[in-house]
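The values are calculated or read from the model by the stated rules, or taken from the named source; none is laboratory data. Given the structure is predicted, the values throughout are model-derived calculations rather than measurements. Note: ideal-geometry Cβ built from the backbone for every residue, glycine included; neighbour counts use all protein chains shown. SASA here: full protein model, heavy atoms, side chains in, ligands and nucleic acids out. Shrake-Rupley method; radii C 1.70, N 1.55, O 1.52, S 1.80 Å.
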Amino acid sequence: MARKPLSFDPIDAAARQWTARGWEDATAGMVAVTSVMRLQQLMLSQVDTALKPFGLTFARYELLMLLSFSRTGSLPLRVIGDRLQVHATSVTNLVDKLEEQGLISRRQHPQDRRATLAELTDAGNDVAQQATKALNTDVFADLGLGERDLTQLAAIGRRFRRVAGDFS
């Protein structure tokens with residue numbers, strides 16, 4: 001059931017309260033953080049809806065796509081963690097779930113016996129392609145903003161991620 005939209009912007013109302021309490025030096029930051037957090041909720045809801053028919057979360061989808069973009073369709077678990085910027089435990093959990101679904105398989109690295117590879121299966125590649133089509137159609141192609149706004153939003157996010165140390 002769809003929620004009825006509010007007649008006011010609650011983040012603007014919070015900003016007024018922040019300022020009224022003497023926190024004006026932090027108001028812009030609070031508004032930015034709260035806005036981004038709400039955007040993440042809204043976007044994740046759309047993504048989850050598009051991926052649900054495929055039995056995927058966004059994290060699992062990202063892993064499938066990372067493998068599909070690799071030259072061999074496989075990567076060491078350590079590399080997956082680095083590229084997805086998640087802890088090794090999270091990689092293990094993602095790989096476990098996708099392996100249970102038959103979308104990837106584990107195998108020993110041919111040159112490094114200490115390393116394990118996650119390898120995309122044919123079924124995994126099919127699901128990744130179908131899920132991408134759904135995301136492109138249902139989410140990415142029309143976020144309700146113009147290309148200029150989307151480009152600016154991405155550029156701001158990129159600068160913030162670089163300052164936060166995501167990449168150099």
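Scanning region 79-89 for residues that are exposed (fewer than 15 other Cβ atoms within 10 Å of the Cβ) and free of Cβ contacts under 8 Å to residues at least 60 places away in the same chain yields Asp82, His87, Ala88, Thr89. Whether any residue in region 128-140 is closer than 30 Å to Gly29 by Cβ, among the hydrophobic types (A, V, I, L, M, F, W, C) and in contact (Cβ under 8 Å) with a residue 60 or more places away in the chain is what I want to check. Yes, region 128-140 contains a residue that is closer than 30 Å to Gly29 by Cβ, among the hydrophobic types (A, V, I, L, M, F, W, C) and in contact (Cβ under 8 Å) with a residue 60 or more places away in the chain.
With the structure loaded, tell me whether Leu117 is surrounded by 13 or more Cβ atoms within 10 Å (Cβ to Cβ), farther than 22 Å from Val79 by Cα and either within 19 Å of the chain's Cα centre (by Cα) or in contact (Cβ under 8 Å) with a residue 40 or more places away in the chain (or both) or whether it fails that test. Here the answer is no, as Leu117 does not meet what is asked. Consider Leu56 carefully, then state whether it is touching a residue at least 60 places away in the same chain (Cβ under 8 Å) and not in a helix (DSSP H, G or I). Spelling it out, Leu56 is indeed touching a residue at least 60 places away in the same chain (Cβ under 8 Å) and not in a helix (DSSP H, G or I). A Cβ distance below 9 Å, combined with a sequence gap of six or more or placement on separate chains, defines the contacts here; from region 93-113, residues that are among the polar types (S, T, N, Q) reach residues that are outside any loop (DSSP other than H, G, I, E, B) and surrounded by fewer than 14 Cβ atoms within 10 Å (Cβ to Cβ) in the pairs Gln101/Ala123.
Looking at Phe8, Phe54, can you tell me which residue is within 14 Å of Ala128 (Cα to Cα) and hydrophobic (A, V, I, L, M, F, W, C)? Step by step, each of Phe8, Phe54 is checked, and only Phe54 is within 14 Å of Ala128 (Cα to Cα) and hydrophobic (A, V, I, L, M, F, W, C). Of the residues making up region 121-166, those that are of a type in the set (Ser, Thr, Tyr) and surrounded by 12 or more Cβ atoms within 10 Å (Cβ to Cβ) are Thr121, Thr132. Checking each residue in region 102-111 for being open to solvent by 70 Å² or more (accessible area, probe 1.4 Å) and under 21 Å from Gly55 (Cα atoms) picks out only Arg106.
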